[in-house]
Each structure stands twice: as structure tokens, then as C-alpha cells.
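Structure record follows, encoded as C-alpha cells.
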Number of protein chains: 2
Amino acid sequence: MRISTKDGAGGRKMQEFLEEVILDTFGDSSVGSIGLGNLDDGASFGNYIISTDGHTVKPLFFKGGDIGRLSACGTINDVSVMGARPILITCSLIIQAGFELEDLKRAMVSMKESCDEADVKLVAGDTKVVEDEIGLYVSTTGVGEYWDGLETNLDIIRETQDYPENFIKDSGLAPGDKIILSGTVGDHGISIMSEREELNIFGDLASDVCPVWGITRRAIETGGVSAMKDPTRGGISAALNEMSDKSAVKITMFEEKIPVKNSIRAAADILGINFHDVANEGKVVIGAREEYAEDILEAVRRSKYGKDAVICGEVSEGSKVFLRTKIGARRLMNIPEGDPVPRVC
Amino acid sequence: MRISTKDGAGGRKMQEFLEEVILDTFGDSSVGSIGLGNLDDGASFGNYIISTDGHTVKPLFFKGGDIGRLSACGTINDVSVMGARPILITCSLIIQAGFELEDLKRAMVSMKESCDEADVKLVAGDTKVVEDEIGLYVSTTGVGEYWDGLETNLDIIRETQDYPENFIKDSGLAPGDKIILSGTVGDHGISIMSEREELNIFGDLASDVCPVWGITRRAIETGGVSAMKDPTRGGISAALNEMSDKSAVKITMFEEKIPVKNSIRAAADILGINFHDVANEGKVVIGAREEYAEDILEAVRRSKYGKDAVICGEVSEGSKVFLRTKIGARRLMNIPEGDPVPRVC
């Protein structure tokens with residue numbers, strides 16, 4: 001058996017791969033209550049969350065961002081959606097011999113600016129230079145910490161649910177919860193693909209890559225956040241299905257309410273790609289207790305990257321994720337096999 | 001300017017590269033007292049140490065180990081030599097499409113066994129699959145924690161030195177200290193290079209890759225450890241020069257006492273490589289207060305991977321690292337430009 005690109009594309013195939021290769025070998029490996037077996041955005045130890053991501057995006061510099069910003073935000077966002085306050089990242093650079101020093105510096109400056117936005121420090125790193133034709137790969141690890149606002153939020157959740165965790169998991173959704181999307185979907189994946197295919201007609205196509213800590217902090221400070229996830233590889237389709245599976249609930253999304261830019265929709269049509277299935281790099285899917293949902297929405301809208309937030313789904317007893325149209329038609333929102341855009345992050 | 005392999009080879013060139021590209025951009029970036037600017041084996045936050053390493057070794061499977069064991073030990077050892085008790089690692093896999101699943105599983109099993117040896121858990125990870133011809137790259141991040149034995153050790157150091165840190169730094173050497181090597185040098189680099197050059201005559205050539213926590217734990221429990229470093233890329237030449245520089249002391253190594261296997265010495269001669277300059281992956285350079293040095297030596301020798309440990313150097317006022325022969329000749333031990341063996345870790 002040989003490994004295929006779908007095994008690393010964030011969808012159903014990758015889940016199977018992780019179960020067969022990683023979980024089979026390491027088991028439910030953990031030092032805190034959230035470990036490898038949870039396949040969540042990160043793992044817990046003491047009062048901290050840790051998360052790791054490798055970044056192999058092509059091209060390295062794209063409209064709206066670059067590999068430096070992407071790799072900082074990648075792990076900052078993973079710890080943010082678990083409710084932790086991001087404090088540091090580490091960075092492993094693997095660089096092709098002959099790579100332009102100026103391009104590397106440009107990516108590092110971009111990484112630094114993204115760290116500054118979230119008040120995160122790069123504290124350690126490693127550099128390898130190889131003859132392989134790779135350009136630049138960047139693996140980052142992020143650490144976030146428990147904080148007061150999170151405790152207050154979890155106390156609210158515990159009023160109606162047995163919730164022994166100190167962080168926010170994918171599995172916290174309960175019937176009655178609302179689903180909030182922090183902004184438009186599909187921006188990162190569709191704009192990367194459009195750039196590769198040279199679909200230049202859509203002038204405002206750009207990646208949404210940004211640190212989401214401003215969004216998650218405001219949501220948590222409001223209280224009543226039951227689950228969060230950043231819909232990266234596999235898009236909101238993969239994220240919502242994982243949340244539905246792990247929480248053992250049904251999610252119904254109101255199709256017309258899911259925010260998407262016209263240019264992204266048009267480009268997705270031309271490319272033949274479902275924008276629900278592609279990576280976002282600056283968005284959050286938020287599960288919110290019904291009575292707190294409107295307040296969370298308002299709080300998220302006040303954050304720098306949350307202006308387009310909407311309530312666009314609801315949670316009920318059952319299973320699977322459904323899309324419902326204005327006229328009442330309903331269809332399954334499946335987890336994709338994998339993200340249809342290769343080398344997206 | 002283009003990046004060259006020497007920029008990632010662990011010697012003087014890499015130091016310059018890190019200062020120009022990373023420190024210039026990020027400054028002295030830290031959340032604890034040991035941060036990026038220290039260029040130590042890891043960084044501190046709260047009661048923890050964190051460290052990151054990318055692994056691009058060729059071949060992936062070699063005598064004595066493989067990329068799985070190497071990448072687990074890489075960061076386990078970095079946190080161990082700072083005196084921390086390693087508790088967890090995370091792992092970012094970047095895999096070439098078409099890579100044999102069985103080879104990946106074999107590397108993962110090896111990683112798991114190395115983790116088990118040091119009682120470390122793999123808690124989080126990420127997988128990317130690319131079309132680039134890379135085989136397999138593995139970036140790991142390790143976290144270690146403060147523990148009782150470390151506190152006792154540091155109290156001893158503080159009797160004779162102002163030492164505000166909670167972990168063991170490269171800069172802790174003081175005049176009068178002894179230098180202990182936990183075992184033979186050159187094994188990893190020379191055996192990897194011999195394998196590539198098909199020097200099959202040396203049957204017992206094998207990498208020394210192993211977790212050094214057993215060594216560092218026993219040394220620290222004894223007390224009086226002032227500085228530690230694992231001499232990876234650039235070998236003991238780079239490690240000793242960094243310790244000498246950061247501690248602002250002179251180190252004199254007794255050349256004939258530095259342990260080296262006959263086969264490694266012979267292979268190094270044929271290859272024209274100085275075995276002092278190549279990576280070790282299971283060794284520790286230990287700085288020890290004089291009155292504790294013999295006890296530390298005995299403790300290290302009782303550990304699984306420390307049987308060949310010796311006291312082979314001493315620290316005095318001054319600067320630089322010197323090699324002294326039995327008949328009293330003395331010469332400078334320079335920091336190499338970079339590790340003479342490419343793709344060694």
C-alpha cells in the first residue's frame with residue numbers, strides 16, 4: 001500500500017489513515033484529559049494546550065498571505081479554538097538549498113507580524129537545509145494557556161452539561177445550540193486555486209488567513225461557547241461533520257445564511273469545487289448555547305476579523321449534518337474524501 | 001543571496017544565519033527567562049521547557065536507528081539536557097505521495113518505542129502529503145517539566161553562583177568545573193556517512209541514537225550539574241564551543257580521554273572527517289562542579305546509555321576550547337563551519 005495525497009487532505013480518507021497508522025501505533029496517548037485519541041485541534045497538559053501543523057502551501061506567497069503568516073496562524077488558531085489563550089509558537093524550517101534569503105526574510109517578517117497580532121512569541125526553532133526541491137516547508141507548534149474568561153465560560157456550559165474538561169472540545173455541542181460562522185467561507189482554498197489556475201478576472205479573491213484569537217476571546221468572554229473548530233482542510237463540511245460526530249448530535253445548516261463572497265462563489269463554480277469543502281484559514285465555527293448566541297454573535301462582530309459573522313445553523317438530537325434551503329429542501333452535507341485543493345496549507 | 005546547506009549544518013555558518021534571519025526579525029522573543037535569543041536547546045515557559053527539531057535524515061532507516069527514533073529522541077534529548085523531565089512530544093509528518101505505508105508504520109513503531117523508553121507520550125500531530133520527492137520529513141516538538149531533583153541540583157549550583165534560572169543552560173559552566181562525556185563520540189555521523197559511502201568493512205558501525213533522559217536524570221539526581229548539551233550537528237566541537245562562549249570560560253579537553261570507538265576512528269580517517277565535528281544523537285556533554293564530578297560520573301555509568309562515560313575535560317578562566325595531548329601539546333578546538341556530514345538528522 002502506498003500513501004496518497006488524500007491521506008493528508010483533511011477529510012474522511014485522512015481520518016482512516018490516522019486511525020490505521022497513528023492511533024493503531026500510539027493508542028490513546030495523552031498526558032492530560034485531551035490527547036491523541038481525541039483527534040481534536042490540540043492536546044492538553046496541565047493548564048496548557050499544544051498543537052502542531054506542517055505547512056507546505058504552494059505558492060509560498062499568495063494574495064492575502066504567505067507561508068509565514070499561514071504557519072503562525074495555523075497553530076495559533078488551533079489552540080485558540082480550544083479556548084486557550086495562545087502564548088507561544090515554535091518553528092521548524094526546512095529550506096531548499098539555493099532558496100532566496102530575501103524570500104525567507106519576507107516570510108519570517110510576515111510570521112512575526114502575525115504573532116504580534118495575537119500577542120504570541122516565537123520562542124524556539126530549528127533550521128534544516130536540504131537539496132530536495134521543496135522551496136520552503138514550515139512546521140509550527142503552538143501553546144496556549146487556561147485563562148479566567150475560559151473558566152467563566154465553562155462554568156456556564158457546566159450548568160446544563162457534565163463537562164469535566166478545562167478546554168473547549170469539538171464534542172461539546174448539545175441539542176438546542178446555535179451554530180455561528182465567524183465570516184465568509186471558502187476564501188483561502190478558492191483563492192489559492194484561482195491563483196494557480198490564473199483566474200485573474202476575480203480581482204478581490206484573497207486568502208482569509210489571520211489569527212482568530214480576537215474572535216475566540218470575545219466569544220468566550222461573552223460566555224456560553226460549547227464547541228469551536230477552525231474549518232481548515234476539508235472546509236466547513238469536514239469541521240461540522242467532525243463536531244456532529246464527536247458530539248453525537250444533528251447539525252442543520254441554513255444554506256442561504258452561510259456567508260460566501262460572490263467572487264468566491266463564481267470562482268468555485270468555474271473551478272467545479274464546492275466552497276464548503278475547501279480550507280479557511282481565519283474562520284471559526286462556534287457552537288453556542290441558545291440563550292447566549294445573539295450576544296456571542298454581537299461580540300464576534302466587534303472583533304477585527306469577525307464583522308461578517310452570522311448565526312446559520314442549529315443543533316438537535318440525531319446525527320449527521322444537513323443543509324436546509326429557504327424553501328425547506330434538505331440534503332446531507334457529507335464529509336469530503338479530502339480537501340479538493342491540494343497543497344492548500 | 002541564496003541559502004546554502006552550511007546555513008543549516010549546526011556550526012558557525014548556522015549561527016550567523018540564525019542571527020541575521022531569525023534574531024534580526026524576532027528579537028529576543030520569549031515568554032519565560034530562556035527564549036529565542038538564548039539560542040539554547042529549548043525555551044522556557046512557566047514550569048516547562050519546549051524545543052523543536054526538523055528531521056530530514058538520509059537514509060530513513062540506518063544501522064542503529066531510523067527517522068522515527070531519531071525524531072522522537074531529537075526533542076526528548078533537547079529538553080532533557082536542559083534538566084527538564086520530558087513528558088510529551090508532538091509530530092508533524094510531511095510524506096511524499098507514493099511512500100510505502102509499511103515503511104511509515106515501521107518508523108512510527110520505532111518512534112513509539114523511543115517515547116516509551118523515556119516515558120513520553122505523543123499527544124498531537126499533523127500529516128501533509130506532497131508530490132515533492134522527499135521521502136519523509138518529521139518535525140517534532142518536545143515538552144519537559146520542572147521536577148524535584150532539578151530543584152535540588154540547582155540549589156547546589158546556587159551555593160557558588162548567581163543562578164536565577166529554573167533550568168540548566170549552556171552558560172552555567174564556572175572555572176573549576178569538570179567536563180563529563182556520557183560516552184563515545186562520532187558514532188551517529190560517521191556511521192551514517194559510512195553507510196552512504198558503503199564502507200561495509202566496519203561491521204560494528206551504528207548510530208548511537210537514544211533518549212538521554214536516563215543519563216541526565218541520574219546526573220541531576222546526584223547534584224552539581226552546572227551545564228549540559230547534547231552534541232548533535234557540529235559534534236562535540238560545536239557543543240563545547242557554544243558552552244565555552246556562553247559561559248565565558250576556557251574549556252580544556254584531554255584528547256586521549258575523549259572516548260571513541262576504534263571502528264569510528266578508522267572510518268573517520270578513511271572518510272577524512274574529524275569525528276569531533278559530527279553529530280551524536282545519544283550523548284551528553286555535562287559540566288559538573290568539581291566536588292560532585294566523580295559521583296555524577298558513577299551515576300551516569302549506571303544508566304543504560306552511559307556505561308562509557310568519562311571525565312575528559314576541565315573548565316578554567318579564559319576563553320575558547322583547547323585539546324591537550326598526553327605529552328602536553330595544546331591546540332585550539334574550533335567550532336566547525338558546519339557538520340561535515342549532510343542530512344545527518
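At a glance:
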item	result
Reciprocal mean inverse distance between Cα atoms of region B:98-234 - Kirkwood radius, Å	18.6 Å
Options A:Gly42, A:Ala9, A:Ile190, ranked by Cα towards positive dipole end of chain A, top entry (Cβ charges)	A:Ile190
Dipole axis of region A:149-332 (+1 Lys, Arg; -1 Asp, Glu on Cβ), positive-most option in A:Ile286, A:Ile258, A:Asn153	A:Ile258
Gain on full stretching of the segment that runs from B:Lys307 to B:Glu113 - 0.36 nm per residue minus C-alpha separation	67.7 nm
Anchor A:Lys105: aspartates and glutamates whose Cα lies under 13 Å away (excluding residues fewer than 8 positions away in-chain)	A:Asp66, A:Glu113, B:Glu19, B:Glu20, B:Asp24
Exceeding the 32 Å Cα-Cα cut-off - candidates A:Lys6/B:Lys229; B:Lys6/B:Lys246; A:Lys246/B:Lys112	A:Lys6/B:Lys229
Sites B:Glu256 and B:Lys320, calculated FRET efficiency, Cβ-Cβ separation with R0 22 Å, nearest 0.05	0.65
Mean separation of Cα contacts under 8 Å, 6 or more apart, over the residue count of chain A: relative contact order %	23 percent
Cα-centre dipole for region A:5-148 with unit charges at Cβ (Lys and Arg positive, Asp and Glu negative), debye to 20	300 debye
Computed accessible area, B:Glu314, all protein chains, 1.4 angstrom probe, square angstrom	70 Å²
Region A:5-148, accessible area per residue, ligands and nucleic acids excluded (1.4 Å, Å²)	29 Å²
Alpha carbon Rg of the protein assembly as shown, scaled by the compact-globule rule 2.2 N^0.38 Å	0.98
GNM result for chain A, Cα springs below 10 Å: residue of A:Ser226, A:Ser80, A:Ser194 fluctuating most strongly	A:Ser194
Cα→Cβ-extended label distance, 7 Å offset, between B:Ala266 and A:Ser33, nm	6.0 nm
Lys/Arg +1, Asp/Glu -1 at C-beta; the protein assembly as shown dipole; positive extreme among B:Leu136, B:Trp213, B:Gly125	B:Leu136
Highest-MSF residue in chain B out of B:Thr325, B:Thr222, B:Thr56 [GNM, Cα springs under 10 Å]	B:Thr325
B:Glu159 - accessible surface, heavy atoms, 1.4 Å probe, Å² rounded to 10	140 Å²
Inter-copy separations for B:Glu151, label at 7 Å along Cα-Cβ, nm, ascending	2.2
Accessible area in the full protein assembly, largest first, 1.4 Å probe, for B:Leu205, B:Leu199	B:Leu199, B:Leu205
CD proxy at 222 nm, helix term only [per DSSP H run n ≥ 4: -39500 (n - 2.57); per residue of the protein assembly as shown; nearest 500]	-9500 deg cm²/dmol
Inter-chain shielding of B:34-43 (mean C-beta neighbours from other protein chains, 10 Å cut-off)	3
Across the identical copies, how the B:Asp162 labels are spaced - nm, sorted shortest first, 7 Å along Cα→Cβ	5.6
Approximate spin-label separation B:Gln161-B:Arg196, in nm, with each point projected 7 Å along Cα-to-Cβ	3.6 nm
Label 7 Å beyond Cα on the Cβ vector: B:Glu102 copy-to-copy distances, nm	5.0
Net charge, A:Arg196 excluded, C-beta distance under 12 Å - Lys, Arg +1, Asp, Glu -1	0
Overall Cα dimensions of region A:5-148 - principal axes, largest extent first, Å	43, 38, 26
Most mobile of A:Ala118, A:Ala43, A:Ala329 in a GNM of chain A (Cα contacts under 10 Å)	A:Ala329
Translational diffusion of region A:149-332, µm² s⁻¹ [Kirkwood Rh, Cα pairs; Stokes-Einstein; 10 °C; 1.306 mPa s]	96 µm²/s
Equivalent ellipsoid dimensions for chain A as semi-axes, Å, which come from the Cα gyration tensor, largest first	29, 24, 20
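The values are calculated or read from the model by the stated rules, or taken from the named source; none is laboratory data. The structure presented is a predicted model; accordingly, all values stated were derived computationally and were not measured. For neighbour counting, all protein chains shown are included, and Cβ atoms are generated from backbone atoms with ideal geometry for every residue, glycine included. Side chains are part of the model used for accessible areas, which takes the heavy atoms of the whole protein and leaves out ligands, DNA and RNA. Shrake-Rupley method; radii C 1.70, N 1.55, O 1.52, S 1.80 Å.
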